[in-house]
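Q: Could you have a look at this structure, given as structure tokens, before my questions?
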Amino acid sequence: MSQSTAEARSERYEELLRAAAECFQSRGFAATSIDTVARHLGATKGRVYHYFPSKMDLFNAVRDRAMDLVFAASDDGYHMQGTPAARLSVMSAGHARSMIDDLPYMHVLLDGLQMLRYSTTTQFQREAMEAHLTRRDLYEQRFREVVLQGVADGQFHIGPQLSITIQSFMSTLNGPVFWYRPRGEDTPESRQAIVDDVVRFAMSGLGLNADNITQHSNQSQKVFA
């Protein structure tokens with residue numbers, strides 16, 4: 001396969017994933033079918049079935065891509081040199097930005113967890129969910145690791161139960177999935193302001209003062225500029 005052919009196939013695959021994410025977001029899992037995705041994409045069912053033998057395979061692929069996106073979004077902060085507060089601020093800004101920029105995927109990510117809690121699942125679904133939860137735990141471990149470093153350095157001040165701190169912190173960063181909706185008047189600046197506010201609120205829960213939060217927020221903006 002030539003490079004151009006491979007690139008075209010990759011583009012078609014990504015278009016399909018995006019279309020599926022948008023359908024799952026707007027209709028939910030139960031009301032979305034392969035036909036629904038094909039119509040939304042303006043393609044035939046055959047194009048969808050070429051990549052995915054079932055709706056569940058497609059859903060899992062979208063959910064896995066959502067995890068790819070948040071891992072990539074937090075990479076810069078996680079691997080950068082700097083204090084735990086600086087690293088966590090950049091990681092958090094990347095995560096919150098992905099919640100907004102990749103909103104359809106993030107809806108699927110959270111809906112997948114709801115399916116685990118409230119739906120009867122098959123063995124195939126349980127195995128897929130277990131693999132997903134393993135990746136999610138690895139992702140949260142990044143934040144846990146940096147928070148613990150910040151506590152050891154005296155930058156962060158948290159309560160006695162680290163798990164509650166981490167879950168509350170991540171819930172704050174995930175918040176835009178529940179209430180953000182794109183509007184015609186949105187601009188890169190207005191979306192950045194949302195990211196800044198979300199990260200500011202999350203970081204304040206770790207005991208940072210306003211001046212420190214502003215300093216690290218400015219650093220994260222430079223990373224993503």
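Q: Search region 20-41 for residues that are closer than 18 Å to GLN125 by Cβ and among the aromatic types (Phe, Trp, Tyr) and pair each with any residue that is assigned to a loop (DSSP other than H, G, I, E, B) and open to solvent by 10 Å² or more (accessible area, probe 1.4 Å) when their beta-carbon atoms are under 9 Å apart and the residues are at least 6 apart or on different chains.
A: PHE29/SER119
Q: Here is a further query. Tell me, yes or no, whether region 108-131 has at least one residue that is modelled with pLDDT of 95 or more and within 29 Å of PHE29 (Cα to Cα). First the steps, then the outcome.
A: Initial filter on region 108-131 (modelled with pLDDT of 95 or more): none.
No, region 108-131 contains no residue that is modelled with pLDDT of 95 or more and within 29 Å of PHE29 (Cα to Cα).
Q: Oh, and also: Within region 153-167, how many residues are in a helix (DSSP H, G or I), touching a residue at least 24 places away in the same chain (Cβ under 8 Å) and open to solvent by 40 Å² or more (accessible area, probe 1.4 Å)? Before the answer, list the steps.
A: Here is the first cut: in region 153-167, the residues in a helix (DSSP H, G or I) are 153, 162-167.
Among the residues that remain, those that are also touching a residue at least 24 places away in the same chain (Cβ under 8 Å) are: 153, 165-166.
Adding the requirement that they be open to solvent by 40 Å² or more (accessible area, probe 1.4 Å) leaves 153.
Of the residues in region 153-167, 1 are in a helix (DSSP H, G or I), touching a residue at least 24 places away in the same chain (Cβ under 8 Å) and open to solvent by 40 Å² or more (accessible area, probe 1.4 Å).
Q: Considering only residues of region 121-140 that are open to solvent by less than 70 Å² (accessible area, probe 1.4 Å) and among the hydroxyl-bearing types (Ser, Thr, Tyr), which is farthest from SER74 (Cα to Cα)?
A: My answer is THR121.
Q: Another one. In this structure, is TYR51 open to solvent by 30 Å² or more (accessible area, probe 1.4 Å), at pLDDT below 95 and either of a type outside the set (D, E, K, R) or under 27 Å from ARG181 (Cβ atoms) (or both)?
A: Working: open to solvent by 30 Å² or more (accessible area, probe 1.4 Å): yes; at pLDDT below 95: yes; either of a type outside the set (D, E, K, R) or under 27 Å from ARG181 (Cβ atoms) (or both): yes.
Yes, satisfied.
Q: Which of (1) in a helix (DSSP H, G or I); (2) without any contact (Cβ under 8 Å) to a residue 60 or more places away in the chain is the odd one out, the single condition VAL195 does not satisfy?
A: Evaluating VAL195 over (1) in a helix (DSSP H, G or I); (2) without any contact (Cβ under 8 Å) to a residue 60 or more places away in the chain leaves (2) as the failure.
The values are calculated or read from the model by the stated rules, or taken from the named source; none is laboratory data. All values derive from a computational prediction rather than experimental measurement. Using ideal geometry, Cβ is built from the backbone for each residue, glycine included, and neighbour counts are taken over all protein chains shown. Heavy atoms of the whole protein, side chains included, go into the accessibility calculation; ligands, DNA and RNA do not. Shrake-Rupley method; radii C 1.70, N 1.55, O 1.52, S 1.80 Å.
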